[in-house]
Amino acid sequence: MSDLVYPPVIAAAKLLFRVLDLRIRVEGAQNIPREGGAVIACNHVSYLDFIFAGYGAQPAKRLVRFMAKKSVFGNKISGPLMRGMHHIPVDRASGQRAYEEAVAALKDGEVVGVFPEATISRSFTVKEIKSGAVRMAAEAGVPLVPMALWGSQRLWTKGRKKELTKRHVPVTIIAGEPLPSQGPPDDVTAELRVRMTELLDRAQRTYPDQPVARDDWWQPAHLGGSAPTPEEARGD
């Protein structure tokens, strides 16, 4: 697959990270296969998560093809970039085509990135997840790599003002050990959610920053923050 757009976009993102002095920590990159297909299943706390999840695969020298809402591909700015990077558009009214495209990419040895919660979690915990990541990994016969992101919500998340120029923000990216995708899909999906939750909990508890007074919106309720609880955020 020809990649003329992806490398310059990565270079631009890395330059921006340096300018903003983002303190990015990548852990577990050795768990991402250096060759062959794989599914990365990541939690979702920010509109920027695909950038950081993709960055987490850079030590393994892999380019991740993300599944993203079809509307993103229709935007006059993001659309050409998304298509040029060979990401996969998802029409939520009819997702079979996207599923088949993702399976084909996996069988061709690509890494496909999925946010199985489908939407951003306002509680900053792992919501109930869809089984699509598990099913496509099983059909393609490739490993399933759980991933957790933390800190990206401080730059841009649902219901908050963008702070894309905020400096010195730590962002933690943790890739877990590959999970076999074979087995009853509901059981594997449940195990995937457990693994994602464990990774997110580790990222949150080892995060180098703590909220200051009246600025704890980005911290989950169970760690003393003012983010909505999972029950309060349900239905968002």
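Which of the lysines could a cross-linker span from residue 162 if the Cα-Cα distance has to be under 21 Å and same-chain partners fewer than 8 positions apart are dropped?
By straight Cα distance, residue 162 reaches 14, 69, 76.
Non-local amide H neighbours of residue 40 (under 5 Å, H modeled in plane, Pro and chain starts lacking H): which ones?
It is 112, 113, 114, 145, by chain and number.
Give me D for the chain in µm² s⁻¹, whole number, from Stokes-Einstein with Rh from the Kirkwood sum over alpha-carbon pairs, 37 °C and 0.692 mPa s.
Once the numbers are plugged in, D ends up at 183 µm²/s.
Can you work out the FRET efficiency for the pair residue 222 and residue 16, with r the C-beta to C-beta distance and R0 = 25 Å, to the nearest 0.05?
Working: r = 32 Å, r/R0 = 1.29.
The value I calculate is 0.20.
Can you sort 44, 86 by how many other beta carbons sit within 10 Å, fewest first? Spell out each step's value before the answer.
Details: 44 24, 86 17.
Ascending Cβ contact count within 10 Å gives the list 86, 44.
Which residue fluctuates most in the GNM of the chain (Cα springs below 10 Å): 12, 148, 175?
Greatest mean-square fluctuation among the candidates belongs to 12.
Using a 10 Å cut-off around each Cβ, can you sort 87, 222 from fewest to most neighbouring Cβ atoms?
On the way: 87 22, 222 14.
Lowest count first: 222, 87.
Enter the mean projected area of the convex hull around the alpha-carbon atoms of region 109-224, in nm², rounded to one decimal.
In nm², the orientation-averaged hull projection of region 109-224 is 8.1.
If the cut-off is 19 Å between C-alpha atoms, which lysines fall inside it for residue 70, apart from same-chain ones fewer than 8 positions away?
Those lysines meeting the cut-off are 130, 158.
Which value at 222 nm does the chain reach when only helices count, each DSSP H run of 4 or more adding -39,500 (n - 2.57), with the total divided by all residues and rounded to the nearest 500 deg cm²/dmol?
The per-residue figure over the chain is -10000 deg cm²/dmol.
Determine the relative contact order of region 1-114: mean sequence separation of Cα pairs under 8 Å and six or more apart, normalised by residue count, in whole percent.
Over region 1-114, the number comes to 36 percent.
I need to check one value: relative contact order of the chain, counting alpha carbon pairs closer than 8 Å and at least 6 residues apart, in percent. Don't skip to the answer; put the middle values down first.
Working: 437 pairs, mean separation 61.9, N = 236.
That works out to 26 percent.
What share of the DSSP beta bridges in region 22-210 is antiparallel, in percent to the nearest 5?
Beta bridges within region 22-210, antiparallel portion: roughly 20 percent.
So which trypsin sites (Lys or Arg not before Pro) in region 136-236 pass both tests, a DSSP loop state and at most 12 other Cβ atoms within 10 Å of the Cβ?
Here the sparse-neighbourhood loop sites are 161, 162, 166, 167, 214, 234.
Report the residue, chosen from 88, 173, 77, that carries the largest GNM mean-square fluctuation when the chain is represented by alpha-carbon nodes joined by springs under 10 Å.
77
Here, each number is a calculation from the coordinates, and none is a lab measurement. Keep in mind the model is a prediction, meaning the values are calculated, not measured. A quick note on method: Cβ atoms are made from the backbone with ideal geometry, for glycine too, and the neighbour counts reach across all protein chains shown.
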